[in-house]
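Have a look at the structure below before the remarks.
We did not get these values from a lab; they are worked out from the coordinates using the rules stated. Since we're looking at a predicted model, the values are computed, not measured. Backbone-built Cβ (ideal geometry, glycine too); neighbour counts: all protein chains shown.
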Amino acid sequence: MIVQRMRRVWAGIRRRWDFFRAYYLLCHADRITYLRFLGVRIGERCSIYTDPHNFGTEPWLVELGDDVTVGQGVLFITHDGTSRLFRKHLQGASPFGNRFGTIRIRDNCFIGNNAILLPDIEIGPDSAVGAGSVVTRSVPPRTIVAGNPARPIRSLDAYIENYTRRMVPIEATDREALRRELTVKLWGEER
Ligand SMILES: CC(C)(COP(=O)(O)OP(=O)(O)OC[C@H]1O[C@@H](n2cnc3c(N)ncnc32)[C@H](O)[C@@H]1OP(=O)(O)O)[C@@H](O)C(=O)NCCC(=O)NCCS
């Protein structure tokens, strides 16, 4: 009797475990589905190249609008851990810390590789963050920021003008052709 019951309980645990494992694998296959499952609000047509772990311990404090690109290695930090130095002696302090902030990226923004985004900021719409920048303050609409701390370096309109002037003409329509074209143009030989 007891053995049968134990077997039934065990079978139930196995079924549940298989379900969670399948869900986990499915979500990891599609990063955006997984991040939404973790609580990140994500709009339409976003491209996210950073690892889901980089959304930190409070992914539900991060919100991305439509048409947002997040480069590789971008880090979202939604709390200040510095209170670990003193919070066990501080009256009324939460074991989780007491300083949290949201990170909101509005529509049509680009966050360059390895940028670090700190709490309490809003970026955009139509703004970009340079590679490796540390964003400590909100970024106004249509603005390009870079550096540590990130500062505006130009408006989006000035960036487009500059980009258009420096554009390398490209004829390739697939990656193989692009490789040939760019290695010849930039190295002087096909590689
Ligand atoms: C920020 C960025 C968009 C600016 O491009 P740009 O307007 O063409 O910038 P420029 O190269 O003309 O540089 C303008 C100034 O900003 C500085 N700057 C540019 N990018 C910077 C960066 N990421 N961090 C710090 N400073 C930067 C330059 O040193 C230059 O400073 P100076 O005027 O004192 O010489 C670009 O540099 C960048 O970081 N792009 C993201 C790349 C990336 O992450 N790609 C991933 C592929 S998905």
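Considering the zone a paramagnetic label at residue 83 would reach in this model (a point 7 Å from Cα along the Cα-to-Cβ line), which residues of region 95-139 have amide N under 19 Å from it?
95-103, 118-121
Calculate for the chain the 222 nm mean residue ellipticity that helices alone would give, adding -39,500 (n - 2.57) per DSSP H run of length 4 or more and normalising by residue count, nearest 500 deg cm²/dmol.
Mean residue ellipticity, 222 nm, calculated: -10500 deg cm²/dmol.
Among 1-11, 181-191, how do they line up by average Cβ neighbours within 10 Å per residue, starting with the highest?
181-191, 1-11
Nearest 5 percent is fine: what portion of the DSSP beta bridges confined to the chain is antiparallel?
20 percent
Spin-label point model (7 Å from Cα, Cβ direction): what's the residue 18 to residue 102 distance in nm?
Placing both labels 7 Å along Cα→Cβ, they lie 4.2 nm apart.
Between residue 33 and residue 173, what is the label-point separation in nm under the 7 Å Cα-to-beta-carbon projection?
Spacing of the two 7 Å Cα→Cβ label points: 3.2 nm.
Using every Cα-Cα pair within region 110-191, state what percent have a distance larger than 23 Å.
42 percent
Could you tell me what percent of the DSSP beta bridges with both partners in region 1-111 are antiparallel, to the nearest 5?
Around 10 percent antiparallel, to the nearest 5.
In square nanometres, what is one fourth of the surface area of the convex hull spanned by the alpha carbons of region 27-79?
Computing the convex hull of the Cα atoms and averaging its projections yields 3.2 nm².
So what is the relative contact order of region 84-191, in percent, for Cα pairs below 8 Å that sit 6 or more residues apart?
This gives 14 percent for region 84-191.
Please label the shape of the chain as rounded, prolate or oblate, based on the square roots a ≥ b ≥ c of the eigenvalues of the alpha-carbon gyration tensor (a/c under 1.5 means rounded; beyond that, a/b larger than b/c means prolate, else oblate).
Judged from the Cα gyration tensor, the chain comes out oblate (a/c at least 1.5, b/c at or above a/b).
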